[in-house]
Amino acid sequence: MVGEHSELDLAREIIPLNVAYSTMKGILDYCAIFDFRPLHLQPDYIPYKIKLQLEPNALNYRDIMTTKEMIFFQDRTLSQVIELANAANYLDAPFVMDAMCATIALFMRQTTRDFRDKNGKPISVSIEED
């Protein structure tokens, strides 16, 4: 019958990743520094999307990330982090996606701060201004 496969059939199936080697290596490198215990066994774990809300003035990795994560992200460009975020989304790796999105948010916060400091104008991205 169509759609019915045994575990053995599924185990032999090859699934194309459609992820560049360098991007996949970045995902695996990040995974190597992540604690893989189930989240319900990590009572001190706070997702980055929550950390960013709790730390509205965070502009740098050191404000919310571990030292290992800071080292991981310090030499990566925004484009590379976006590639990693897309791959994490494709691979359904939510903890990696959370970290990548937080890094993108930090890039955006810093860019906004730099623009404001350079031009002396506050930036607001509220819907009311459209």
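Taking the stretch 72-94, which residues are surrounded by 12 or more Cβ atoms within 10 Å (Cβ to Cβ), under 19 Å from M108 (Cα atoms) and out of contact with any Phe, Trp or Tyr (no Cβ under 8 Å at 6 or more places or on another chain)?
Answer for the stretch 72-94, where residues must be surrounded by 12 or more Cβ atoms within 10 Å (Cβ to Cβ), under 19 Å from M108 (Cα atoms) and out of contact with any Phe, Trp or Tyr (no Cβ under 8 Å at 6 or more places or on another chain): R76, Q80, I82, E83, A85, N86.
Can you find a residue that is out of contact with any Gly (no Cβ under 7 Å at 6 or more places or on another chain), touching a residue at least 40 places away in the same chain (Cβ under 8 Å) and either under 12 Å from Y30 (Cα atoms) or surrounded by 15 or more Cβ atoms within 10 Å (Cβ to Cβ) (or both) anywhere in the stretch 110-124? Talk me through it step by step, then tell me what you get.
So in the stretch 110-124, the residues out of contact with any Gly (no Cβ under 7 Å at 6 or more places or on another chain) come out as 110-124.
Checking the rest, the ones that are also touching a residue at least 40 places away in the same chain (Cβ under 8 Å) come to 110, 113.
Still in the running and either under 12 Å from Y30 (Cα atoms) or surrounded by 15 or more Cβ atoms within 10 Å (Cβ to Cβ) (or both): none.
No, the stretch 110-124 contains no residue that is out of contact with any Gly (no Cβ under 7 Å at 6 or more places or on another chain), touching a residue at least 40 places away in the same chain (Cβ under 8 Å) and either under 12 Å from Y30 (Cα atoms) or surrounded by 15 or more Cβ atoms within 10 Å (Cβ to Cβ) (or both).
Within the stretch 65-73, is even one residue part of a helix (DSSP H, G or I), among the aliphatic types (A, V, I, L, M), within 26 Å of V19 (Cβ to Cβ) and over 12 Å from the mean Cα position of the chain (by Cα)? Working first, answer last.
In the first step, residues of the stretch 65-73 are kept if they are part of a helix (DSSP H, G or I); the result is 67-73.
If we keep only those that are among the aliphatic types (A, V, I, L, M) as well, we get 70-71.
From what is left, the residues that are within 26 Å of V19 (Cβ to Cβ) are 70-71.
Checking which are over 12 Å from the mean Cα position of the chain (by Cα) leaves us with 70-71.
Within the stretch 65-73, one or more residues are part of a helix (DSSP H, G or I), among the aliphatic types (A, V, I, L, M), within 26 Å of V19 (Cβ to Cβ) and over 12 Å from the mean Cα position of the chain (by Cα).
Step by step: first the residues of the stretch 15-49, then only those that are among the hydrophobic types (A, V, I, L, M, F, W, C), surrounded by fewer than 13 Cβ atoms within 10 Å (Cβ to Cβ) and modelled with pLDDT of 85 or more, then the one that is farthest from L106 (Cα to Cα). Which residue is that?
The qualifying residue farthest from L106 (Cα to Cα) is A20.
Provide a single number: the residues in the stretch 61-83 that are hydroxyl-bearing (S, T, Y) and under 19 Å from K51 (Cα atoms). Outline the logic, then answer.
Taking the stretch 61-83 and keeping what is hydroxyl-bearing (S, T, Y), we get 61, 66-67, 77, 79.
From what's left, under 19 Å from K51 (Cα atoms): 61, 66-67.
Final tally of qualifying residues: 3.
Please go through the stretch 74-109 and pick out each residue that is without any contact (Cβ under 8 Å) to a residue 60 or more places away in the chain, β-branched (V, I, T) and in a helix (DSSP H, G or I).
Hits for the stretch 74-109 are V81, I82, T103, I104.
The values are calculated or read from the model by the stated rules, or taken from the named source; none is laboratory data. Keep in mind that this is a model prediction, so the values were computed, not measured. Cβ sites come from the backbone with ideal geometry, for glycine too, and all protein chains shown count toward neighbours.
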